[in-house]
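What follows is one structure encoded as structure tokens, with my remarks underneath.
The values are calculated or read from the model by the stated rules, or taken from the named source; none is laboratory data. Computed from a prediction, not measured in an experiment: that's the story for all the values here. We place every Cβ from the backbone using ideal geometry, glycine too, and count neighbours over all the protein chains shown. Ligands, DNA and RNA are stripped out before the accessible areas are found, and what is left, the full protein with its side chains, is counted by its heavy atoms. Shrake-Rupley method; radii C 1.70, N 1.55, O 1.52, S 1.80 Å.
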Amino acid sequence: MKATTYIRGAALALAAVLGVSACGSGDSGTGSGAGEVEVFTWWAQGSEKKGLDALVGVFEKQHPDLKFVNGAVAGGAGSDAKNVLASRLQTNDPPGTFQAHAGAELTDYINQGDIEPLTKMYEEKGWNDLFPQGLLDQIKQEGEIYSVPSNIHRANMVWSNPAVLKKAGVDPEATYDDLDAWIADLKKIDAAGVTPLSIATDWTQVHLLETVLLADLGPEAYNGLWDGGTDWGSAQVTEALKDYKTLLGFTNSDRQSLDWPDATQLVIDGKAAFNVMGDWAEAAFATQGKEFGKDYAAFPVPGTDGVFDFLADSFTKPVGAPNPGATEAWLDTVASATGQEAFNKAKGSIPANLEADTSGFGAYQQTAVKSFADDTIVSSLAHGAAAPVSWLTDVTTAVSKFGSGGDLGGLQKDLAAAADKHSDG
């Protein structure tokens, strides 16, 4: 995806979302017949489960004749769930629908014949008018659409605890033009005896790496990592990996035993100053009674201001779904303004549906709506928008190996090898 073209055509419509009332296509239930739908996700706890529960509440009102079956599998930001799902798909035991990140993550499922195209459903239900054209372009594969996006998340965010920063002698309102300026304050925090930057298991380290690459390379060269325009073996990438190694040195030693909610909780509890995490972290702060701008703050990863590192959760229609009508009913709720309002308000993300009313959303989410409309958009690696699952798996293996061994040259060699392996599809 070219960063400068994504969503520009929808900017005015997105900016108007704040004042638009919920209405329009996809808000009413459709007759689907009695039965049940198993919805397979990795939203098993915390704010993610709250979002799912809110969406289920809308589904049950829109489709009272259908039973929702929760197929959630916890762990690893979806990595554990994807392993279970792969096994089920291989044995011809698909759920009614499964969660997947919109974009390149769907490539493997499509090539394996695991999911059906939804292009006709989009046309029949008028969904092409509900979502930004740039988003529709992003989720198309060879002219077909294979999933329904439920939200928009921003990955390149830093979450901070102002009280911790102040105690460490760092200005809580400081802004950073680049990673070097931020690292200077991380050193001060480290000297004060506080964990400067919290992190968790492998996938959160991949998440951190992608934001560092984005900060040091800029959006055009970052995009080139996925389309072949940027050499993974270049000196520019080497410098970014050096910054990644430096940042990793400021993180908690128990990172491998934690998942993202634990790492974010360290900031909430005042045990760490910063956490790089997508804006699903917003709900973790908000649901614990924390006030944005007072008890916690958020800003783009230094060096990425003006760039929106994008991902979207979406739902598919598996080939051989046991109750296709029930699957379509679930997708209908996911697409609806009402469903997206309930889901995103609870999860910390923003609606993909242009008709959704976000006027009652929190302060952080209001900034995300504006940024999504105005900023340059790039695709997240760690969350399925930039590269297929198989490529991400190889990157994760390389990052995990580096985390335990610290061989910077080996990391770059492994990342370059992964790119060579997957760039041709």
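Only one residue in Asp374, Asp407 is of a type in the set (D, E, K, R), open to solvent by 40 Å² or more (accessible area, probe 1.4 Å) and closer than 21 Å to Asn156 by Cβ. Which one?
The conditions single out Asp374.
Of all the criteria given as (1) open to solvent by 30 Å² or more (accessible area, probe 1.4 Å); (2) touching a residue at least 24 places away in the same chain (Cβ under 8 Å), the one not satisfied by Ala321 is (1).
Among residues of region 196-223 that are more than 15 Å from Pro302 (Cβ to Cβ), those with a Cβ under 7 angstrom from a residue that is acidic (Asp, Glu) and assigned to a helix (DSSP H, G or I), sequence gap 6+ or separate chain, pair up as Ala200/Asp262. The helices (runs of 4 or more DSSP H) located wholly in region 156-258 that include 2 or more residues which are closer than 12 Å to Ala273 by Cα and open to solvent by 10 Å² or more (accessible area, probe 1.4 Å) occupy 162-167, 179-191. Scanning region 43-59 turns up at least one residue that is modelled with pLDDT under 95, open to solvent by less than 10 Å² (accessible area, probe 1.4 Å) and in contact with a Leu (Cβ under 6 Å, 6 or more places away or on another chain).
Of the residues making up region 20-40, those that are within 20 Å of Thr338 (Cα to Cα) and modelled with pLDDT of 50 or more are Val37, Val39. Inside region 108-148, residues that are modelled with pLDDT under 95, within 21 Å of Thr91 (Cα to Cα) and either buried (at least 19 other Cβ atoms within 10 Å of the Cβ) or aromatic (Phe, Trp, Tyr) (or both) make up a count of 1. Only one of the listed residues (Ala283, Ala263) is outside any strand (DSSP E or B), under 26 Å from Ala44 (Cβ atoms), open to solvent by less than 30 Å² (accessible area, probe 1.4 Å) and in contact with a Lys or Arg (Cβ under 7 Å, 6 or more places away or on another chain). That residue is Ala283. The single condition from (1) in a helix (DSSP H, G or I); (2) more than 26 Å from Val378 (Cα to Cα) that Lys294 fails is (1). Asp295 falls short of the stated requirement of being of a type in the set (D, E, K, R), at pLDDT 95 or above and open to solvent by less than 10 Å² (accessible area, probe 1.4 Å).
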